[in-house]
Amino acid sequence: MKTRRANQAVLGIDLGGTFIKAGLVTEDGQIVVKGQWPTLAEQKRREVVLSQMKTAVNHLLEQKPGLKLLGIGIGTPGLVDNQGKVYEAPNLPGWDNLPLRQIFEKTYHVPVVVENDVNSITWGEYLFGAGRGSRTMICITLGTGLGGGVVVKGQLLRGAVFSAAELGHVTIDYRGPVCNCGNIGCIEKLVSRDAIIERAVKAIQSGRTTSLVQLSGGDISQITPKMISQAAHQGDELSLEIWEEVGRCLGFFFVGMVNIFNPDRVVIGGGIAKAGNLLFQPIRTIVKRHAMKKLSAKLKIVRSGLKDNTGIISAAALIFQSRISLSKYHQTS
């Protein structure tokens with residue numbers, strides 16, 4: 001067991017289109033100090049966003065003047081190559097072909113690792129969260145979309161152009177709706193926040209009786225997954241059917257993932273996962289029934305473990321994955 005060193009930490013940055021969340025994190029995954037800043041992406045200048053990120057870093061370092069900075073991990077939306085360059089990020093204007101790692105290493109003179117945000121979360125869950133102790137792990141986040149990452153034998157799966165794994169854009173229904181990515185019947189299009197709400201709205205418009213009408217104050221355009229969970233816990237038939245259907249879709253998706261990767265752990269996070277057993281029970285049932293028995297024998301399907309600090313801790317975990325890169329910067333203890 002490694003001894004925790006209180007005088008050194010990694011700085012984790014969770015970069016979003018709306019907010020920058022950042023914190024100093026020790027090697028056992030504990031946050032020393034953290035904060036949140038507006039991204040200011042709406043100003044459509046990447047220099048503004050970069051300036052805000054540096055403001056966040058400087059502020060946190062000023063809070064702990066005696067602390068040794070081991071490195072900076074950055075989880076960012078978009079596609080990232082193995083040199084830490086962001087080469088596509090639709091929600092951050094001007095972010096294409098941005099040498100993000102180079103910029104921060106030049107400024108702070110410490111190792112910097114840049115990774116796609118969901119790959120970052122996957123690694124954080126593997127190292128510090130619900131994936132701890134697993135060998136091969138699949139992680140997804142469910143919310144506005146479905147993001148995913150895979151760890152195989154202790155390494156993030158990155159693929160030929162370092163952009164694996166876009167699990168949300170795996171087709172599970174070749175006759176399904178067209179996804180925003182241009183593909184047909186993607187799992188994301190069937191289980192995302194909007195897809196769940198759309199199921200409820202269409203059912204109500206077709207004449208189904210449900211307590212969701214009352215819960216939404218009579219305005220069904222205001223229905224949320226949280227309301228659907230609440231109604232389901234109260235026995236609302238439509239809401240129970242919706243979670244059963246969403247869980248079945250995810251279950252069959254994971255059947256494919258289990259048969260391909262043979263994971264011992266599946267970790268599910270994001271806002272939609274707060275539905276709990278309403279969602280997890282049908283997933284587990286379908287996987288148990290349809291996945292190859294040998295490949296699913298040791299599988300556990302669990303809720304994410306890092307909760308509210310997922311992005312910060314996961315970004316810091318990017319540095320902790322490689323002790324070799326730290327050695328050339330920190331020769332003394």
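The values are calculated or read from the model by the stated rules, or taken from the named source; none is laboratory data. None of the values given here were measured: they were computed from a predicted structure. In this analysis, Cβ positions are derived from the backbone assuming ideal geometry, glycine residues included, and neighbour counts consider all displayed protein chains.
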#### Entry: Any strands (runs of 3 or more DSSP E) falling wholly within region 88-152 and containing at least 3 residues that are of a type in the set (Gly, Ala, Ser)
146-152
### Task
State all residues of region 287-320 that are at pLDDT below 95, surrounded by fewer than 20 Cβ atoms within 10 Å (Cβ to Cβ) and part of a helix (DSSP H, G or I); if no residue qualifies, say none.
LYS307, ASP308
### Query
Where in region 189-286 are there helices (runs of 4 or more DSSP H), lying wholly inside it, with at least 2 residues that are in contact (Cβ under 8 Å) with a residue 40 or more places away in the chain?
193-205, 225-233, 237-261
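Return the residue satisfying two criteria in turn: it lies in region 85-114 and is under 13 Å from GLY16 (Cα atoms) and not hydrophobic (A, V, I, L, M, F, W, C), and of such residues it is farthest from the chain's Cα centre (by Cα).
So in region 85-114, the residues under 13 Å from GLY16 (Cα atoms) come out as 89-93, 95.
Filter once more, keeping what is not hydrophobic (A, V, I, L, M, F, W, C): 90-91, 93.
Working: PRO90: 17, ASN91: 16, PRO93: 21 Å.
Top of the filtered list is PRO93.
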### Task
Specify the residue that is surrounded by the fewest Cβ atoms within 10 Å (Cβ to Cβ); the eligible residues are those in region 207-255 that are farther than 24 Å from LYS300 by Cβ and of a type in the set (Ser, Thr, Tyr).
SER221
### Query
Can you pull out the residues in region 93-114 that are touching a helix residue (DSSP H, G or I) at 6+ places or on another chain (Cβ under 8 Å) and either modelled with pLDDT under 90 or outside the structural domain of VAL48 (by TED's automatic domain parsing) (or both)?
PRO93, GLY94, TRP95
